[in-house]
Structures are given as C-alpha cells and as structure tokens.
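None of the figures in this text is laboratory data; all of them are computed from the coordinates on show. Quick caveat, the model's predicted, so the values are computed rather than measured. Note: ideal-geometry Cβ built from the backbone for every residue, glycine included; neighbour counts use all protein chains shown.
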Amino acid sequence: MSRERNYNIELLRVISCLLVVCIHVSNVYSRGYGEVSGGTYLFSLMTNCFSRVAVPIFFMISGYLLLDENVSLRKSVHRVVHTIVVLVFWSVLYYFWNIVYWGDRYDFKTLFEDPVKKHLWFLYAILGMYIALPFFQLLFKKMSRRLMEYFFLLWVFFLTLYYVLAMADMEFTYMVPMVGNSSYLGYFVLGYIMRKFSKYYKLGTKTCFGIVLIVGLINIGLTCYGTFTTGDHEEIYFQYRNPLIAICSLGVFIGIIEHGKIAFTEAQKSIMQMISRHSFTIYLSHIIFLDIVKEELEPLDVPGWIGIPLYTVGIFLVTFAFAVAADNAWKHLRTYLPAWM
C-alpha cells in the first residue's frame, strides 16, 4: 500500500533545492567583499544566511521519511550501495571537470577529508546516516517522547558548546557519541521527532517564521561585525553547526509542517513532484553551471540585488532541464545494469 504524498514535505524539498543554488550564488558575492559595494555585500549576507536552512532541512526530510520505516536490511544495503555509486560517479565527473575547465588536479590522498568538489560533502554525510539507518530506526522507534526531548536538549547543548569552543580554537577531540559527534545526525533525528511529536509543540506558522526572521537577522549582524572587524568576509556564522542556523532551519521546517494541509492545485502538485523527483541531481550538478557563470559572465559586475536572484533562478532552471535529461538517461541505462545499482 503506497503512502499518501505529503505536499508540505514536497514543498520543503523544492524550496531547499532552490535555496541550495542561492547559497552558492550568494557565496560568490559574499566572498567578493572589498570588490563589491556595501549594499551588494549586505544583500548577499541576507540571501546567504536565510538560504542556509536548505541543507539541514534536507537532513530533516530524510529523517522524517526514513526513521519511521520498518527495518529492512535489503533496502538499507541497496540505499548505501546506490549512494556510493552516485558518489563515485560524480567524484569522477568533477575530477575531469576540474581538469578540463579549471586546470586543477585533485589529490586523492585527501579523498576521505575533502571531496573532489566541496558540495559533495553532503553525500559523505548522508552515506554515514544510511549505513547506520537500521540501528537508528530500531533505536528511535523505541524511544518515548521524554527520551526524545532529552536527546534534543543534549544535542542542542553539545552543538552550542562545541561551536562556541571551536570559535575560541578549542576543538574537542573526544566527542560525546550520538548527541555530540554529529550535527547532521541531530537534524536527521529532528525530522523524525517533528513527525511523531509535533502535535505537542504547537507554535504556529507565524511564530515560527517570526523566530526565523529575528534569529537570522542576529546571525547577519554577527557576520557583519566579524567581517568589519577583521576586514575579511567572515563565514563562521554560516556553518551548519551554528545553533542559530539550527534554530532557523527548525523554524522553517516546523512552520511549513504545522501549516496543515496546503491546498495546491493539480498543476502546482505536478510541478513540485517533478522538481522533487530530480532534486538530488539538481543538487549534484548545479555547480557545473555555477562554474560557467563565474568564469564566463563576471557576475560581480552585476549588482547583488539583481545578480543573486537572476543567477539563482537561471542556474536552477538550466540545471533542472539538465537533471531531467540526465535522470531519464540513467533510468534507461539502469535496465542494462545489475539490480543492486
């Protein structure tokens, strides 16, 4: 029996997919501090900060959908193998892309430290989740709401502690397992907590987005302070282990989940399904088109308030078309490949 499609989750996935592109376009302008106007820099910080919710939301969506599934070693192994195949394929593709387009050669000695292209780190992180998924499924399904709340409080505490200490150059070597050694696992589990227990934490959509706005502005203010103090663009406040980013991400996730069933038209549902179906490939491939924009179009010559939305939407649409073609080609190719791929 197929599960009814949750269009709130589909909407979150589509929004996150677009925001990931916006992050990387905004980075071009933010890292151009000193070359761009003050207004463009501030605008890039706003789009950069509020777009940072995208990746944590991707983890929360995965936890929301997967942790409630029945344990299936066959499905888990297939998911792990498929992710490894995807990681190898895109790593090889970007290896040659970097050589041909940028003239850069990747040092494979750093393979387990730095991916071939930076955004591929997401595959490393989600692969770890998939490997341990059967254990997480059994463990968290047995937890009461009280234990879940305890997990959440500990995760927030250690996320904040490690982040503050890292800012003071006091990195932890011996991290607390589960609740302290992975910000991504926390996001993953938060998605499941919201699925099972959100009815107990009613905040309301307006309240959630109000919190997102206030916390986001605080984060932008801290970034401005760091940048203007050092004279260089400061990115530490845009890290996903920043508790402020976690609050914003959770606020957007809860705000849309709590909104209730949204009355989408059939056309809107169809568009969301199509984008959602190809969102993974959009994430993996959009950097190719961003590289082309950076190299060929001199984006910093365009004011940020025009360039960021223009390049974000343009890259997204081109990447979407590419993803549809690539996924359809892969679908046909898989008929000739082993089932485990």
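What net charge is computed for the residues neighbouring VAL20, neighbours being all others with C-beta under 13 Å from the C-beta of VAL20, Lys and Arg scored +1, Asp and Glu -1? That sum, taken over residues with Cβ under 13 Å, equals +3. Longest stretch of the chain clear of exposed loop sites (chymotrypsin sites (Phe, Trp or Tyr not before Pro), DSSP loop, at most 12 other Cβ atoms within 10 Å, sites excluded): 202-339. In this simple spin-label model, placing a label point 7 Å from the Cα along the Cα-to-Cβ direction at both PHE264 and TRP305 gives a separation of 3.2 nm.
In order along the stretch 324-332, phi translates into HN-Hα couplings of 4, 5, 5, 5, 5, 5, 5, 4, 6 Hz, rounded to whole numbers, per the Karplus curve 6.51 cos²θ - 1.76 cosθ + 1.60 with θ = phi - 60° and x for Gly and Pro. Once the chain from MET46 to ARG105 is taken as fully extended at 0.36 nm per residue, the excess over their C-alpha distance is 17.9 nm.
Here Kirkwood radius over Cα pairs in Å was computed from the coordinates, and among (i) 20.0; (ii) 20.9; (iii) 21.4 the match is (iii).
The Cα trace of the stretch 47-114 gives Rg and Dmax of 16.7, 47 Å, the first to one decimal, the second as a whole number. Taken along the Cα-to-beta-carbon direction at a fixed 7 Å, the label points for VAL92 and ILE236 span 4.1 nm. Measuring max minus min along each principal axis, the C-alpha atoms of the stretch 97-170 give extents of 54, 36, 19 Å (largest first). Spacing of the modelled spin labels on ASP169 and ARG5, each 7 Å from Cα toward Cβ, amounts to 5.3 nm. Rounded to the nearest whole angstrom, the semi-axes of the ellipsoid equivalent to the stretch 1-67, taken from the Cα gyration tensor as √(5λ), stand at 33, 9, 7, largest first. Once the convex hull of the alpha carbons of the stretch 231-341 is built, what does its volume come to per residue, in cubic angstrom? It comes to 213 Å³ per residue, whole-number rounded. Look at the Cα gyration tensor of the stretch 129-245: its axes a ≥ b ≥ c give a/c of at least 1.5 with a/b at or below b/c, and that counts as oblate.
Given their separation in residues at 0.36 nm each and the Cα-Cα distance between them, ASP68 and ARG146 gain 26.3 nm when the chain is fully extended.
Between ALA329 and HIS82, what's the calculated FRET efficiency when r is the beta-carbon distance and R0 is 25 Å? Round to 0.05. Efficiency, from the Cβ-Cβ distance: 0.90.
Over the chain, DSSP H runs of length four or greater, each weighted -39,500 (n - 2.57), average out per residue to a 222 nm ellipticity of -24000 deg cm²/dmol. Here the Karplus relation 6.51 cos²θ - 1.76 cosθ + 1.60, evaluated at θ = phi - 60°, turns the backbone of the stretch 225-241 into coupling constants of 4, x, 5, 5, 6, 8, x, 10, 4, 9, 10, 4, 7, 9, 6, 6, 8 Hz, with x for every Gly and Pro.
Across the stretch 1-149, Cα-Cα distances exceeding 25 Å account for 48% of all pairs. Extension gain, GLU113-LYS206: 0.36 nm per intervening residue step, less the Cα-Cα distance, totals 29.4 nm. The loop-placed GluC sites (Glu not before Pro) in the stretch 1-108, going by DSSP, that have at most 11 neighbouring Cβ atoms within 10 Å of their Cβ come out as GLU4, GLU35.
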